[in-house]
Amino acid sequence: MPSAAFPVLQLIIAALMWSVIGVFVKGLPLHPLGIAGIASMIAVVVQALYLRIFARRKLSFNWSKAQIFGAVAYALNISCFITANYMTTTANAVLLQCTAPVFLALFGGRYLGEYLKLRDYLLGAIVLFGTSLFFMDRLDGGRLIGNICGIICGFALAWYTICLRLQKNESPHETVLLGNILIAIVGAFFIDNSVSDLHVGARLLLLGSFGLSIPFILYCEAIKQVRAIDAVLITTLEPILSPVWVFLVHKEVPSVLAITGGMIVLGSVTVWGYLIARNN
């Protein structure tokens, strides 16, 4: 496999794993911040083991601005995304997070020197259009707090991607690890006895390992080799795949608009990944 194609594959796998987060979160009898806290505690353990055993190196916190701000942005993204799923519809939460490419277009050039090409704007616009079409017939007003959390998710996703990219020559893993520690500390105040239930505990374990730690390990590795805008737009596959799992679990049949939007996004991301793999 060409070296340029490997990070694209890592991003696709990460998006696939992120897409099942909603399945793990929905219906859990815990405060959303408690869910985020426990999942992050699990993620801290998995990520630390990965760095020490598989990467064979010690943890290295340099406390740079990029690391600290990246950790805070990551913590905001995860906490707000889980909260948004409780406060508003999943469709609203996921769609609002897809504003991240807009924030990257605004700030990526200034802080990363990664200025967008005409093809980036065109493909990005097509991806956003396809995502909007996918959820168009299922959006509702939702709750104000949930919708605000969704917008914060998009803003935070853009910024922690910028911060991870700024550390491409170091190690972005510690930024995510620090972010999970922050979530775990805050979330500890929202944990109650329901976590002792075996079924609840199993779902939280899957959320922390399969939903947070492993895909972010892949994301941190890929971000060293691709531009921030590429990383965010390729993982736009996540909101398209999420309803697939909803269909399989809850038998919710997607509409013609949803299928059309999904095909547009899938086609656009495929073209984007191909161009990246060819280094064009």
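The values are calculated or read from the model by the stated rules, or taken from the named source; none is laboratory data. Since this is a predicted model, take the numbers as computed values, not measurements. All Cβ positions, glycine included, derive from the backbone under ideal geometry; neighbour counts span all protein chains shown. For accessibility, only protein heavy atoms count, side chains too; no ligands or nucleic acids. Shrake-Rupley method; radii C 1.70, N 1.55, O 1.52, S 1.80 Å.
Residues in the stretch 94-144 that are modelled with pLDDT of 75 or more, among the hydroxyl-bearing types (Ser, Thr, Tyr) and either open to solvent by less than 20 Å² (accessible area, probe 1.4 Å) or more than 26 Å from SER79 (Cα to Cα) (or both): TYR121 alone.
The residue pairs whose first member lies in the stretch 49-77 and is under 14 Å from LEU178 (Cα atoms), whose second member is among the polar types (S, T, N, Q) and at pLDDT 90 or above, and whose beta carbons are closer than 8 Å, counting only pairs six or more residues apart or on different chains, are PHE61/GLN67; ALA66/THR175; GLN67/THR175; GLY70/THR175; ALA71/THR175; TYR74/THR175; TYR74/ASN180; ALA75/ASN180. One residue is enough: does the stretch 16-36 have a residue meeting the conditions out of contact with any strand residue (DSSP E or B) (no Cβ under 6 Å at 6 or more places or on another chain), open to solvent by 40 Å² or more (accessible area, probe 1.4 Å), over 21 Å from VAL244 (Cα atoms) and not in a helix (DSSP H, G or I)? Yes.
Considering the stretch 36-72, and only residues there that are among the polar types (S, T, N, Q) and more than 18 Å from the chain's Cα centre (by Cα), the residue that is nearest to LEU207 (Cα to Cα) turns out to be SER60.
Here is a check on your reading of the model: is GLY187 open to solvent by less than 10 Å² (accessible area, probe 1.4 Å), touching a Gly at 6+ places or on another chain (Cβ under 6 Å) and of a type outside the set (Ser, Thr, Tyr)? Answer is yes for this residue.
Out of all the residues in the stretch 142-177, which are of a type in the set (Gly, Ala, Ser) and part of a helix (DSSP H, G or I)? I'd like the intermediate steps shown before the answer.
Narrowing the stretch 142-177 to residues of a type in the set (Gly, Ala, Ser): 142, 146, 150, 154, 156, 158, 171.
Matches in the stretch 142-177: GLY146, GLY150, GLY154, ALA156, ALA158.
Counting the residues of the stretch 1-15 that are under 17 Å from the mean Cα position of the chain (by Cα) and either open to solvent by 30 Å² or more (accessible area, probe 1.4 Å) or on the phi > 0 side of the Ramachandran plot (or both) gives 3.
Screening VAL200, VAL226 for residues that are more than 12 Å from the chain's Cα centre (by Cα) and either of a type in the set (Ser, Thr, Tyr) or assigned to a helix (DSSP H, G or I) (or both) leaves exactly one candidate, VAL200.
Checked against (1) in a helix (DSSP H, G or I); (2) open to solvent by less than 10 Å² (accessible area, probe 1.4 Å); (3) at pLDDT below 90, ASN180 meets all criteria but (3).
Condition check ((1) part of a helix (DSSP H, G or I); (2) modelled with pLDDT under 90; (3) polar (S, T, N, Q)) across all residues:
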| residue | (1), (2), (3) |
| --- | --- |
| VAL8 | yes, yes, no |
| SER40 | yes, no, yes |
| GLN67 | yes, no, yes |
| ALA71 | yes, no, no |
| LEU76 | yes, no, no |
| ALA84 | yes, yes, no |
